[in-house]
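So the structure is just underneath, and the comments pick up after that.
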Amino acid sequence: MQGIILKGVGSFYTVLGAKGKTYTCKARGKFRIRGETPLPGDRVEFEPPDGGEGYLLEILPRKNAFVRPAVANVDQLVVVMAASAPKPDLLLTDRLLLDCERRKVEPLLVVNKCDERDEALLNDVLGQYAPAGYRVIVASAREGVGLEALKLALYKKVSCFTGQSAVGKSSLLNALLPTLHMPVGELSKKVERGKHTTRHVELVPAYGGAVADTPGFSLLESGELEPEALASLYPEMRGHLGECYFTACLHVTEPDCAVKRLLGEGGLSRGRYERYCELVKELVEMRKHKYD
Ligand SMILES: Nc1nc2c(ncn2[C@@H]2O[C@H](COP(=O)(O)OP(=O)(O)OP(=O)(O)O)[C@@H](O)[C@H]2O)c(=O)[nH]1
Ligand SMILES: [Mg+2]
Ligand SMILES: [Zn+2]
């Protein structure tokens with residue numbers, strides 16, 4: 001039988017098979033011998049339990065796999081921000097979007113808490129990502145806004161919800177899936193940023209696909225990226241990179257630069273560009289110290 005692993009606890013895995021039925025299966029020693037670890041999201045061949053235990057037989061080829069959190073075959077990363085508090089960390093959002101570009105994961109931006117939105121803040125976020133063409137859903141888990149659009153976006157995909165603590169990832173998932181009961185944290189009054197209350201990765205079947213709450217989605221080691229390659233990961237810059245005077249233009253201080261022209265014409269937001277410059281600086285520094 002074929003199925004998809006929803007979660008693993010010890011050497012026991014919960015596998016979703018046909019018709020929404022779940023099975024508990026053990027991983028046999030051969031996985032350990034081969035150095036393979038079955039992950040949530042893995043499509044597997046398994047032997048369903050017949051009275052006793054079921055067994056995982058084979059892991060089918062993966063589209064992608066992540067270490068932290070340990071999850072495979074992610075189709076979509078849902079990056080959640082808040083339209084009030086905590087204030088959006090757009091550098092984190094940019095980094096997550098860059099990871100999506102590199103790992104061929106579809107990104108989806110969600111701005112939650114629109115019921116108590118700071119209008120200027122919301123417009124700023126929307127304005128910054130509009131030129132890139134990223135899809136943004138404005139939502140409120142509390143008042144049920146944007147949930148229909150979100151459901152459609154989740155249809156038949158494996159989606160991981162991530163973003164800063166206390167933006168409402170778990171609240172959104174609870175609103176989408178009322179049987180879920182994900183723990184919801186209180187936004188700390190003192191620092192306006194709560195602790196990640198969610199830990200384990202568990203995929204939950206939803207809308208023909210599956211969702212997971214993955215707060216601390218680890219970012220790729222940016223050291224693997226050459227500074228010259230960064231701009232190509234920005235959809236709004238990508239089509240203009242051949243128009244710079246210098247072939248190896250970093251689009252920071254160089255004259256006759258297409259990216260800076262784009263910035264002047266409003267085809268790239270000031271904030272995105274400034275954070276781009278920050279990231280380029282970081283990558284240049286890293287390259288300098290690569291062999292230290
Ligand atoms: N006003 C308002 N508050 C919300 C909304 N969604 C969530 N909250 C509140 O924001 C706080 C944090 O919500 P969580 O769902 O725990 O946030 P989270 O992103 O899962 O946080 P971590 O698990 O720590 O990463 C809670 O107090 C929620 O009640 C919303 O749409 N509007
Ligand atoms: Mg949470
Ligand atoms: Zn340039």
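Observations, loosely collected:
- Any hit, the range 43-53, residues being within 19 Å of Lys156 (Cβ to Cβ) and either aromatic (Phe, Trp, Tyr) or without any contact (Cβ under 8 Å) to a residue 40 or more places away in the chain (or both): no
- With respect to the stated conditions, Ala85 is in contact (Cβ under 8 Å) with a residue 60 or more places away in the chain, surrounded by fewer than 18 Cβ atoms within 10 Å (Cβ to Cβ) and farther than 27 Å from Lys156 by Cβ.
- Residue pairs whose Cβ atoms lie under 6 Å apart, separated by 6 or more positions or on different chains, with the first residue in the range 230-251 and touching a residue at least 24 places away in the same chain (Cβ under 8 Å) and under 24 Å from Gly127 (Cα atoms) and the second within 16 Å of ligand 1 (Cβ to nearest atom) and not basic (Lys, Arg), do not occur.
- Hits in the range 59-69 - residues which are of a type outside the set (D, E, K, R), modelled with pLDDT of 90 or more and either loosely packed, with under 14 Cβ neighbours inside 10 Å or part of a loop (DSSP other than H, G, I, E, B) (or both): Leu60, Pro61, Asn64
- Some residue of the range 268-289 being surrounded by 11 or more Cβ atoms within 10 Å (Cβ to Cβ), outside any helix (DSSP H, G or I) and outside the structural domain of Leu92 (by TED's automatic domain parsing): yes
- Condition met for Leu6 (under 26 Å from Val280 (Cα atoms), modelled with pLDDT of 95 or more and either in the same structural domain as Ala231 (by TED's automatic domain parsing) or assigned to a strand (DSSP E or B) (or both)): no
- The sole residue among Ala83, Ala18 that is among the aliphatic types (A, V, I, L, M) and closer than 25 Å to Leu172 by Cα is Ala83.
- Filter result for Lys113 (surrounded by fewer than 19 Cβ atoms within 10 Å (Cβ to Cβ) and at positive phi): no
- When the range 9-48 is filtered for residues that are among the hydroxyl-bearing types (Ser, Thr, Tyr) and in a strand (DSSP E or B), the ones remaining, listed by number, are Tyr13, Thr14, Thr22, Tyr23, Thr24.
- Check on Gly146, modelled with pLDDT of 85 or more, of a type in the set (Gly, Ala, Ser) and more than 23 Å from Ala83 (Cβ to Cβ): no
The values are calculated or read from the model by the stated rules, or taken from the named source; none is laboratory data. Worth saying up front: this structure is predicted, and the values here are computed from it rather than measured. Cβ: placed from backbone, ideal geometry, glycine included. Neighbour counts: every protein chain shown.
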